[in-house]
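Novice: There's a structure below that I have some questions on.
The values are calculated or read from the model by the stated rules, or taken from the named source; none is laboratory data. Since the structure is predicted, the reported quantities are computational estimates derived from the model, not experimental observations. Note that each Cβ is placed from the backbone with ideal geometry, even for glycine, and that neighbours are counted across all protein chains shown. Please note that ligands, DNA and RNA were not included when accessible areas were found on the heavy atoms of the full protein model with its side chains. Shrake-Rupley method; radii C 1.70, N 1.55, O 1.52, S 1.80 Å.
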Amino acid sequence: MVRIELPYPPTANNLFINAGRKRVKSPQYKTWIVMASLSVKDSHRQYIGPYSISIAAKRPDKRKRDIANLEKAVSDLLVTNGVIQDDSLCERITMTWDAGINADCVVIVTPFEEGLAA
């Protein structure tokens, strides 16, 4: 099991911008990657194969938000930092808003166990 506390992730809508004919990472996304990568320790770099992920996030304000839009940035960060082998190996995702956590976002990654009740 890997547990990582991260800064609040950018939403999927804010990950990329158009730069001419190319899509590039937005400045906000680049900054978040640098800050979030500081939370990944060497002990987290396990290159987990098939996995389950749980993501809990604090609501940053009272606006309506789609929690599912936070997953892509988190999953890509985990691949880039060697926590998981590839985000295509995700077998289960659980996401929740949680005002009681001590970080903006808490991620728990565990190797996937087939047949485990959801």
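Novice: Ordered by packing density, taken as the mean number of other Cβ atoms within 10 Å over each peptide's residues, highest first, how do 86-99, 62-75 rank? Provide the component values of the computation, followed by the final result.
Specialist: Values: 86-99: 12.9, 62-75: 14.5.
Top of the packing list down: 62-75, 86-99.
Novice: What does the charge dipole of the chain about its Cα centre add up to, to the nearest 20 debye, if the Cβ of each Lys and Arg holds +1 and the Cβ of each Asp and Glu holds -1?
Specialist: Dipole magnitude for the chain comes out near 720 debye.
Novice: Which percent of the accessible heavy-atom area of the chain goes to carbon and sulfur, probe 1.4 angstrom? Intermediate values should be presented prior to the final figure.
Specialist: On the way: 3630 of 7250 Å².
For the chain, the apolar C and S fraction of the accessible surface comes to 50 percent.
Novice: Sorting check: for 12-20, 47-55, 106-114, which peptide has the highest mean count of neighbouring beta carbons within 10 Å, and how do the rest follow?
Specialist: Numbers: 12-20: 12.1, 47-55: 18.1, 106-114: 15.9.
Per-residue mean Cβ counts within 10 Å order the peptides as 47-55, 106-114, 12-20.
Novice: According to the square roots a ≥ b ≥ c of the eigenvalues of the Cα gyration tensor, what is the shape class of the range 29-118, taking rounded for a/c under 1.5, prolate for a/b larger than b/c otherwise, and oblate for the remainder? Could you put the intermediate results ahead of the total?
Specialist: On the way: a/c = 1.86, a/b = 1.21, b/c = 1.54.
Since a/c reaches 1.5 but b/c is at least a/b, the shape of the range 29-118 is classed as oblate.
Novice: With every protein chain kept in place and ligands, DNA and RNA left out, what is the accessible area per residue of the range 11-83? Probe 1.4 Å, answer in Å².
Specialist: Values: 4540 Å² over 73 residues.
Per-residue value: 62 Å².
Novice: Would you rank 34, 79 by solvent-accessible area, highest first, keeping every protein chain in place and using a 1.4 Å probe? Provide the component values of the computation, followed by the final result.
Specialist: Values: 34 90, 79 45 Å².
So the residues, ranked largest to smallest area, are 34, 79.
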